[in-house]
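Shown next, in C-alpha cells, is the structure this report addresses.
The values are calculated or read from the model by the stated rules, or taken from the named source; none is laboratory data. Here the structure is a predicted model, which means the values were calculated and not measured. Backbone-built Cβ (ideal geometry, glycine too); neighbour counts: all protein chains shown.
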Amino acid sequence: MLELLLFIAGCTVMVFGAVGIIRFPDVYTRLHASTKCDTGGALSILLALTAYTGITLTSIKILTIAVLIFLLNPVVSHALARTAHKRGIKPDKITVVDMYARDYP
Amino acid sequence: MVGENILVDPLLIVSIVLIFTSIICMFRVIYGPTVIDRMIGFNTIGTKIIVFFVLLSVFYERSIFLDLAIAYSLINFLCPLILVRTMETEA
C-alpha cells in the first residue's frame, strides 16, 4: 500500500515536471521544474522500489542511488543557473526581482 | 488477485510514464533556444534513465543493473559540470 502511494506521487511529479519543462517561459523557471522532477519524482519512485523489494541487499543499493541523486543533482542545477546568469541570459519580462544581478553586478 | 494481471503491474505503469515524460523532455533538447535549455533537458532525461535502470533491476532480479545505475549517476553528475566549466572559462 505504501509503495503504491509513493509510485502514484512519483508519477504525478514526473508528469507535472515534464509539462513545466515544456511550458515555462525562460531558463530559470525551466530549471525550477527540472529540479522538482529530479529530486521529488525520482526519490519517490526509488523509495517506493525500496518498499517493494523489502529489506535485502538490493534495497540498500537502491538507497545508495537515492542518496547520490539527492546530493549530486542540486549541485548540477546550481552550476547551470550560475553559468546561465554569467553568459548574460536575461530572465523573462514578467520577472519582478533579480537578486543575483544586484549582489554581483 | 489483481496483482497477477500484467496490465496493473505498478512497475510497467511507472516505466510507461518514464518513457512518455522522456519523450516530452526530448522536445526541449531539440527545440531549446539556448545551450543551457538543452543541458537542462538532457540532465532530466539522465535522471529518468537512472530510475529506469533500477526498475529493470527489480523487474528482472539482476543486480548488475544497480551498478550500472550508480555509474550512470556519477557520469550524469560530471558531464554537465565539465561542460559548464568550459563555457565559463571561454566566455
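Quick notes on this structure:
- Residue-level check: of (1) surrounded by fewer than 16 Cβ atoms within 10 Å (Cβ to Cβ); (2) more than 7 Å from every other protein chain (Cβ to nearest Cβ); (3) within 23 Å of B:Glu61 (Cβ to Cβ), A:Leu4 misses just (2).
- Filter result for B:Thr47 (at the interface with chain A (Cβ under 8 Å from one of its Cβ atoms), more than 12 Å from the chain's Cα centre (by Cα) and under 26 Å from A:Phe16 (Cα atoms)): no
- Residue among A:Gly54, A:Gly20 that alone is under 30 Å from B:Thr34 (Cα atoms) and surrounded by fewer than 19 Cβ atoms within 10 Å (Cβ to Cβ): A:Gly20
- Scope the stretch A:86-105; condition surrounded by fewer than 12 Cβ atoms within 10 Å (Cβ to Cβ) and touching a residue at least 12 places away in the same chain (Cβ under 8 Å); matching residues: A:Asp92, A:Ile94, A:Ala101
- Extreme residue, surrounded by the fewest Cβ atoms within 10 Å (Cβ to Cβ), among residues of the stretch B:1-40 that are hydroxyl-bearing (Ser, Thr, Tyr) and either modelled with pLDDT under 85 or part of a helix (DSSP H, G or I) (or both): B:Tyr31
- Condition broken by A:Thr12, with the remaining ones in (1) crowded, with 16+ Cβ neighbours inside 10 Å; (2) farther than 17 Å from B:Val58 by Cβ; (3) facing chain B (nearest Cβ under 10 Å) satisfied: (1)
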